[in-house]
Amino acid sequence: MDVTTSFVTQDIWTWWLAIYLYLGGMGAATLTTTFLTDMYLKPHPELVLWGAWSGIAMLGVGSSMLFGHLLDHMAVIHVLNPLVLFNQPHAWIAWGTQFIVWMMVWGFLYALPYMLESAFFGRIPLLRDILAWEWVQKVGRTCGRHCRLCGWAASINGIGTVVYTGLLLQSFPAVALWHNPGVPLLFTVSAFSTAMAFLLLVLNLAIKKREEDRPLRVLYERTDLMLIAAELVILFSFFFYLQRGSQSAAISAQLLWNNWGWLIGFIGFGLLVPFFLELKGVIKGWSSPAPIMVASVLVLVGGYLLRYYFMYAGVYAQPW
Amino acid sequence: MTRYAMVIDLNTCVGCNACMAACAAENQTPVWKNSWRTYVHDKEIGTGEDIHRRFFPRLCNHCSNPPCMSVCPTGATYQLDNGIVQVDEDLCMGCQACAMACPYAARFEVTYGDVREGREFFGEHTYRRRRPSVDKCNFCAQRVLEGREPACVETCVGSARQFGDLDNPDDPIRQMVASGTARPLMAYLGTEPNVYYIDDLKRRG
Amino acid sequence: MAWDFPRLSRREFLKTSGYGGVAATLSPSVLLTGCGADKDAFESEDISYTICNFCSSLCNVRVTSRTSNGVKRIVKLDGNPNSTLNRGKLCARGQAGLLQTYDGDRIKTPLIRVEGSKRGEYAFRSASWEEAWDYIARKTKRAAIQPWEWTMVGGWTSCVFYMNWSVPFALANEVPNIVASPMQHCVTTGHLGTDAVTGNFNIHDEILPDFDNAKYILLIGNNASVGAVSTCRMVRFAQGKKNGAKVVVVDPRLSETAAKADEWITIRPGTDLDLCLAMFHVMLEEGLYDANYLRRHTNMPFLVYRDQRGEWQLAKDEQGRPLVKDDGGKQKLQEVLERGDHDLPPVINLTDAPIRVLPAYTNDNRQDIDGYSFCPALEVPVGTQSPQSGGHQLVTVFQAQREAVKDYTPEWAAKTTGIAAETIRRIAREFGTTRPAIIDPGWHGARYANVMMLRRVQAMMQALNGGIDREGGWIMSGEFHHKATRQWQAKQSGEGMQHQLSNLAGMDFANLVIGALSRGENFSHGHPGFTWAYSQQQKAAGKPWVALPVMADEGLKESVEGKLQWRGEPYKTRALFINAANPVRHYYPDTYWKEVLQHENMELVVLLDVLPSDTTPYADVILPNSTYLERNEPTLYGNGVNQDLAVTTRYAAIDALYDSWESPDVLLKMTEIISGNQAGFLKYMEALTGLPAEPVKAALAKKQQEGTKNPFSAACREVAFAQKSKELGITSDELDKSLRERGVYHEETWREILKHAAIPEQIPAVTASGRIEFYSSLFDSLRDTGVEGPAFSVLATAVPVSCRDHAGADVPLDDDEFYFTYGKTPTVSYGSTNSNNPILNAINTFKAEIYRGVWIHPERAQRLGLENGDRIRLTNSRSGQFQDGEVYVTRKVHRDALFLHSSFGVENSQLTRSYAYGGVATNKLIPHWVEPVVAGFRSQEFTIRIRKLEERAGGAA
Ligand SMILES: Nc1nc2c(c(=O)[nH]1)N[C@H]1C(S)=C(S)[C@@H](COP(=O)(O)OP(=O)(O)OC[C@H]3O[C@@H](n4cnc5c(=O)[nH]c(N)nc54)[C@H](O)[C@@H]3O)O[C@H]1N2
Ligand SMILES: Nc1nc2c(c(=O)[nH]1)N[C@H]1C(S)=C(S)[C@@H](COP(=O)(O)OP(=O)(O)OC[C@H]3O[C@@H](n4cnc5c(=O)[nH]c(N)nc54)[C@H](O)[C@@H]3O)O[C@H]1N2
Ligand code: SF4
Ligand code: SF4
Ligand code: SF4
Ligand code: SF4
Ligand code: SF4
Ligand SMILES: [Mo]
């Protein structure tokens, strides 16, 4: 009965869900990276505040993409309820939602003590007053005392979120492109890579403590370089994995590797160009921060393109 | 135990679409936007002068190992002991992960707008749905519980659709399935579907 | 499996009463929104039974309605599980039928055309019924419309359900004109051919082949009549297939039904008669027939001779009784030998065997008028003569028939049909040697001038196999058997039949209707129906005329335009009453009827319908009818074409949504307006249908007093129930109760019926001779009226078809030229308003490419540079009519033909969904051109030229 099989892509989860996956992964990775940096490498309140708030913002925007497309917004309550993990332990969205929520909560708590001390937040009307409330202060102090706990709680949920974005796609068995263990790996690597890129931009543009943060920047650059390299290796293996095997996979490969957006946009400008820019930075160094910032921007765009094309190139076989 | 299943004999499906109409009326599906719980495809196959017109009915397979259910975060998609996979419209938030997970394109969305349209279409007081959700075939559980056949089966003028219980040794469909005369779609995916097809190409030389 | 985690919770399935399904647990969203309340608020559920109204398959329907918040609404239709007709199943149209009732486009009040507007503009104002009746009455009076100037136009709904009111109406009001849309397409062109052989004739279809038990099924040009869809046939066909029957379908395209065949034979359009003649030829030449059956139950052994003009004539005795030759005991010998019996009868030389006289009307040829038992010979030696035949050389009908098709060899047919001679021979042999085998009687006729002959030959082939009223063959309906039996009893007892309209069966019934409308003597004004008058006028003028324009529209235009004369006076048609018919769409071409409707002589057009069809814009007054789900019918009915004998009727599932009137009440009111002869109406009703006038009158008075809506219908129903229950030997209430509970009241199964009423084995056929007629008495009788041409031949013969003016069929088609074929869509009735049904419309949209497209073979498309979806112009090469459409390139169609579904192309924008859907309208491509026997439409007898249009298809066309 397979004579009539046709192959189709889907139009259920499209560009907007790619944003969810992208911002979800990047936001979580950003937050996690800054917290771990703060805890173990170099205390850096500014970085934490940036990481926490941009992470939360990205997750907020990303989640709103999913939320906005829900058919019944009220019913979202069922996944916000933590008991969902006991009822639906096999559903990644359940895990993902909880990761996201708790990452935001713990992330906020980890950042709270820094906020209380931050001059910037002290200048924002209304927020200034709220931060001055006694119980907020109290919570802040408690968190400060248990900052490792908060930091780890946030980071674990953050890593969970990052990995979840890949596991989610992996849970759709009909699509060979998605239904393989390479996807969580690829998405995790990519999420951290985009997080590095984002933080490099933050360090270069927002925090601007050039000398003080140099070792950090170098570390991020190197990490990013390695992540990009890993991503290239994973993609390379994807390419060969998709060639042979199920037809769904082969057609996905055809769709991707015949697409200029994927080849030039993502692999070329999103991976190779930043790779070489950063490689040079690592080996020889650049005289200005500009090339690294260009590389970062390219990595950020590439990160989205990866998810966009992944959503678009998932192929279902329909035997009718 | 009961394990409901459907066998579709492609040799006598005549592409009349009665099943589509019956299902739409029974289950009040949003047909105005071309969404159905069951479709009958009309395919031209064969090459050259060997032309075969195949009518291919499809619907949810009520998989024994349903990926739609395992991805559902709210528990809206669940399975009855008799194997029927259903969506609880009250629990479903409409994330559509299930639709992505289903290899058989069995699921579609019912939006707020569709609920409004549905009232118009099927009657304000008789339209049963109140909330948007993902929707799909439920093997007409509401009828099956009353001892009736699913709407599409009952009306199938080609008697192409047969409904039965695989766990009942006397059920005619059991033998068709056991003997391999009736086979499921894309079984290699491990979904363990419970809609089986009898091929229509065998007779032709 | 990666995604298969053990579930921690298992939800319980809660069985709630009624429709609540699962739900019932108060989930948070319900709490949040607070709208959990009305989910289980369905107060009650009702089941009632009715009859589907979307085609004359007349399926039995089970209706589920639900009352909620005080509003009762129909929620689901199912096949009535108690029905042996449709076996609990309904096709898509039947399933979706409830949305006809709730279609927002319905006609909701009487509508009167706005003063100053023209017919066709659809400028109407809502009116009350009083206003509408007043308008009609005033107009009738002011324009002094005479009874014969009225014409009733009806569709199959009015035919099947209201025949018993329509004909008495016609007679009481002295309106001699009924145009019925199924006739020229279907009943007269198609069925009458079959009926000429079998004697069968019912209002709309009469034979239900026993596909269940057939081993070989041959379908020629059948699609909607079986697989696409006549439910009662398809359920049997599917079962036959499951039982292993071999199925062969002859169709120029791979139709739904052909898709289910073991063998699809792609035939060149219009050549089916050639195919069948060749098969018939093979069967006769090779002895592939049931000789014993032919001898006993058909007129094959009757002796015939050629008269001076070379016409075949029956040899008869002085009293007009048929002659046959004794086969000299050969058959008896054969039987004795087979029995192993040694008491051998004397064998006489066949040449010396006597010629015997048979009773004029009987079903068995084995007894002559003196009661002598013998066996008639199928073939007689050269030189056979008889004193009664005036020295003519006699042969049997069998021999004459074989002679008549002598040249129609498979090789001959191969040339025109495009089917290999070996294939034709093989199918003929398969069909002739497999028992039981069925060649379907066919349904939609028309298309070509030779379709009636085609149907005659098909029936003859079936008779060659002896496959009539036998298991696995053609089975006549239970209702037909019932009537035929009573009729046979009446004939035997020498008493006439009473209440002929409802009691006469078959051709006798057809003759009754023909007689009523074709003879001016039946009316005090002396006018026959205009179409009959027109035939006489044409004939007198030496122009082509139609022999039996039964309820045809032939001559209507001339009559409206004042070009028809009767006894030296103009015979004008000036008023139309259109009930459940849509002539603008169903007749050809649309302009013919538009001109009729818009003509200045046309004084009044009254139309009764449920939806705004393409004809409604041309009415002066549109009256809203209820839909079939909203009404009790005024009487009880047989169970359609069911082989079993059963009684059924409609029960209203809900109160009518709008202020609608029923057909009988409308007819009664129209009677008041036209002639004031309501008493006469009731009297004719009693005389013709047996529904007694006095009790009806009394019941009517009572209902009127009680303020019953549509009191006349209700009164008739009451009396009909009383009458029928008496016949069945139960009380009226018992009958009512039984029908309310089961929807059908079964009287007898077909197997039981066949034991005593198998036609012709137990009782005579309703032909003139009582036999299955190879030599047609119908066409024999027409010969005296001066008709000419092979279409009137008393025996099977070739009838030429001419599709092209500029070249014969043997010359290859031009590159842009195609034979034209059309057919019905499984999801639409005719060109009917149910294309507007929201569910059906959605299915049609889902399948738009296939249903709306013009089917063209890829090889032809390529030559014209056409691709799927391209816009094209189709032009009739003969009439110049054209229509635009979009291409569907498919190998499922014969290279020489294009095919389109005849269901689409609605032009009234009030029918919103149909209108938006678009499609090619057949009525705008087919000219007014009819064949000479019954004015059947030659609706495919031309070719179409195709030209690519520049812009591509986009949205609705
Ligand atoms: N284009 C096209 N024309 C055809 C055919 C085709 O396939 N295509 N088929 C031909 C054949 S075989 C036949 S038998 C004839 C049949 O021709 P009809 O018997 O005339 O067919 P219908 O379209 O069912 O009915 C005509 C009208 O009846 C109305 N109607 C439906 N239900 C009711 C009701 O309950 N009450 C009243 N008063 N009106 C009602 C419909 O709205 C429609 O306008 O058509 C012939 N003409
Ligand atoms: N869906 C649906 N079903 C119906 C009805 C309906 O309106 N809609 N109406 C009922 C009624 S009243 C009728 S009369 C029947 C009609 O039922 P059918 O008589 O079966 O009529 P169609 O489906 O119009 O045409 C049958 C087939 O004839 C083929 N054909 C066209 N030209 C030729 C030719 O020259 N030779 C051969 N061999 N085939 C040819 C067409 O391709 C088509 O597949 O359907 C009944 N059932
Ligand atoms: S067919 Fe799709 S929706 Fe149905 S049970 Fe299987 S996976 Fe779920
Ligand atoms: S759409 Fe509804 S049923 Fe599907 S996964 Fe989401 S919550 Fe579950
Ligand atoms: S079983 Fe019921 S819900 Fe499923 S396709 Fe058939 S009619 Fe529709
Ligand atoms: S009702 Fe039966 S025969 Fe008709 S299309 Fe559906 S499955 Fe096929
Ligand atoms: S075949 Fe379909 S349309 Fe015709 S009577 Fe039956 S259900 Fe109705
Ligand atoms: Mo018809």
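Using a 1.4 angstrom probe on heavy atoms only, work out the carbon and sulfur share of the accessible area of the range C:367-491 in %. The partial results should precede the final answer.
Working: 2070 of 4100 Å².
It is 50 percent, rounded to a whole number.
For chain C, just say rounded, prolate or oblate: build the C-alpha gyration tensor, square-root its eigenvalues into a ≥ b ≥ c, call rounded for a/c under 1.5, and beyond that prolate if a/b exceeds b/c, oblate if not. In terms of gyration-tensor shape, rounded.
In percent, what relative contact order does the range A:175-314 have, based on Cα pairs under 8 Å that are 6 or more apart in sequence?
Working: 145 pairs, mean separation 50.3, N = 140.
Value for the range A:175-314: 36 percent.
Less than 5 angstrom separates the built amide H of C:M300 from those of C:F774, all sequence-distant by 5 or more or on a different chain. Label separation (A:V61 vs C:E694): 9.3 nm, computed from points 7 Å beyond Cα along the C-beta direction. Take each residue in C:841-851, count the other chain C-beta atoms within 10 Å of its C-beta, and the mean is 5. Amide hydrogen proximity for A:F7: with H placed 1.01 Å from N in the peptide plane, the residues at 5 or more positions away or on another chain lying under 5 Å are A:Q318. Taking 7 Å steps out from each Cα toward its Cβ at A:I156 and C:K415 produces label points 9.3 nm apart. When each of the peptides C:83-95, C:662-674, C:306-318 is scored by how many other beta carbons lie within 10 Å of its residues on average, the order from highest to lowest is C:83-95, C:662-674, C:306-318. Modelled spin-label separation between C:Q393 and C:H806, with each label point placed 7 Å from Cα along the Cα-to-Cβ direction: 4.7 nm. Taking every DSSP helix (H) stretch of at least 4 residues in chain A, weighting each as -39,500 (n - 2.57) and dividing the sum by the residue count yields a mean residue ellipticity at 222 nm of -23000 deg cm²/dmol.
Rounded, prolate or oblate: which fits the range C:292-400 when a ≥ b ≥ c are the square roots of the eigenvalues of the alpha-carbon gyration tensor, with rounded for a/c under 1.5 and prolate only if a/b beats b/c?
Details: a/c = 2.08, a/b = 1.74, b/c = 1.19.
Prolate.
So what is the accessible area of chain B per residue, in Å², with the probe set to 1.4 Å?
Details: 5990 Å² over 205 residues.
Spelled out: the 1.4 Å probe surface of chain B, per residue, equals 29 Å².
The length gained by stretching the chain between C:D815 and C:A123 to full extension, at 0.36 nm per residue less their Cα-Cα distance, is 244.6 nm. For the interface of B with C, what's the total buried accessible surface in square angstrom, probe 1.4 angstrom, rounded to the nearest hundred? Summing both chains' loss of accessible area gives about 6400 Å². Taking the Cα centre of the protein assembly as shown as origin and assigning +1 to Lys and Arg Cβ atoms and -1 to Asp and Glu Cβ atoms, the resulting dipole is close to 3300 debye. Against the longest alpha carbon principal axis of chain B, how many degrees, from 0 to 90 and to the nearest 10, is the axis of helix B:112-122 turned? Taking Cα atoms only, the helix is inclined about 70 degrees. Would you work out which of C:W488, C:G473, C:Q723 lies farthest towards the positive end of the dipole of the protein assembly as shown, given +1 charges on the beta-carbon of Lys and Arg and -1 on that of Asp and Glu, about the Cα centre? Of the listed residues, the answer is C:G473.
Rounded to 0.05, the FRET efficiency of the A:A132 and A:I283 pair, given R0 = 41 Å and the Cβ-Cβ distance, is 0.25. Normalised by the number of residues in chain C, the average gap of Cα pairs under 8 Å and 6 or more apart makes the relative contact order 18 percent.
Quantify how strongly other chains surround peptide B:128-141 by giving the mean number of their Cβ atoms within 10 Å of each of its Cβ atoms. Working shown, then result.
On the way: counts 12, 1, 9, 11, 6, 5, 3, 1, 0, 0, 2, 0, 0, 4.
Mean number of neighbouring Cβ atoms from other chains: 4.
Per-peptide packing, taken as the mean over residues of other Cβ atoms within 10 Å, places A:7-15, A:63-71 in the sequence A:63-71, A:7-15 from highest down. Between 0 and 90 degrees, the angle of helix A:92-117 with respect to the longest Cα principal axis of chain A falls at about 20 degrees. Peptide B:46-58 has a mean shielding of 4, counted as Cβ atoms of other protein chains within 10 Å of each residue's Cβ. Report, in whole Å, the centroid distance computed from the Cα atoms of the range C:579-619 and the range C:643-702. About 25 Å separates the Cα centre of the range C:579-619 from the one of the range C:643-702.
So what is the 222 nm mean residue ellipticity for chain C from helices alone, if each DSSP H run of at least 4 adds -39500 (n - 2.57) and you divide by all residues, rounding to the nearest 500 deg cm²/dmol? Walk me through the numbers before you get to the answer.
Working: 33 runs with 313 residues, N = 957.
Rounded to the nearest 500, the figure is -9500 deg cm²/dmol.
Using θ = phi - 60° in the Karplus curve 6.51 cos²θ - 1.76 cosθ + 1.60, the 3J(HN,Hα) couplings for the range C:819-835 round to 6, 9, 9, 9, x, 7, 9, x, 9, 9, 8, 6, x, 7, 5, 7, 5 Hz; x is entered for Gly and Pro. In whole angstrom, note down how far apart the Cα centers of the range C:898-936 and the range C:843-866 are. Using only Cα atoms to place each centre, the spacing works out to 18 Å. Per residue, the average separation of C-alpha pairs within less than 8 Å and at least 6 apart gives the range A:14-170 a relative contact order of 33 percent.
Straight-line cross-link partners of C:K892 among the lysines, defined as a Cα under 17 Å from its Cα and at least 8 positions apart when in the same chain: B:K43, C:K260, C:K824, C:K847. Excluding ligands, DNA and RNA and using a 1.4 Å probe, chains A and B jointly bury around 3300 Å² of accessible surface, summed across both partners. Each peptide in C:226-238, C:716-728, C:918-930 was scored by the mean count of other Cβ atoms within 10 Å over its residues; highest first, the order is C:226-238, C:918-930, C:716-728. For chain C, the longest principal axis of the Cα atoms and the long axis of helix C:451-464 meet at an angle of about 60 degrees.
Round to a whole angstrom and tell me the spacing of the C-alpha centers of the range B:4-35 and the range A:172-234. If you average the Cα positions of each part, the centres end up 49 Å apart. Computed from backbone phi with θ = phi - 60° and the Karplus coefficients 6.51, -1.76 and 1.60, the 3J(HN,Hα) list for the range C:152-160 is 8, 10, x, x, 5, 4, 5, 5, 5 Hz; x is used for glycine and proline. For C:I475, the amide hydrogen comes within under 5 Å of the amide hydrogens of C:L208, C:D210, C:D469, counting only partners 5 or more places away or on other chains and with H modelled in the peptide plane. Pairs of Lys residues in the range C:44-161, spaced 8 or more positions apart or belonging to different chains, with C-alpha separations under 26 angstrom: 8 in total.
The 3J(HN,Hα) values that the Karplus relation (6.51, -1.76, 1.60; θ = phi - 60°) gives for the range A:249-262 are, in residue order, 5, 4, 6, 4, 4, 4, 4, 6, 7, 10, 10, 5, x, 6 Hz. Gly and Pro appear as x. Here the calculated FRET efficiency for C:E859 and C:F882, from their Cβ-Cβ distance with R0 = 30 Å, stands at 0.80, rounded to the nearest 0.05.
When the range B:15-136 is described by a simple charge dipole with +1 on each Lys and Arg Cβ and -1 on each Asp and Glu Cβ, the residue from B:Y78, B:T111, B:C68 located farthest towards its positive end is B:T111. With R₀ set to 35 Å, the beta-carbon distance separating A:L85 from A:R214 gives a calculated FRET efficiency near 0.25.
The values are calculated or read from the model by the stated rules, or taken from the named source; none is laboratory data. Since we're looking at a predicted model, the values are computed, not measured. Because the Cβ atoms are built from the backbone with ideal geometry, glycine has one as well, and the counts that use them run over all protein chains shown. When the accessible area is computed, the model is the full protein with side chains, heavy atoms only, and any ligands, DNA or RNA have been set aside. Shrake-Rupley method; radii C 1.70, N 1.55, O 1.52, S 1.80 Å.
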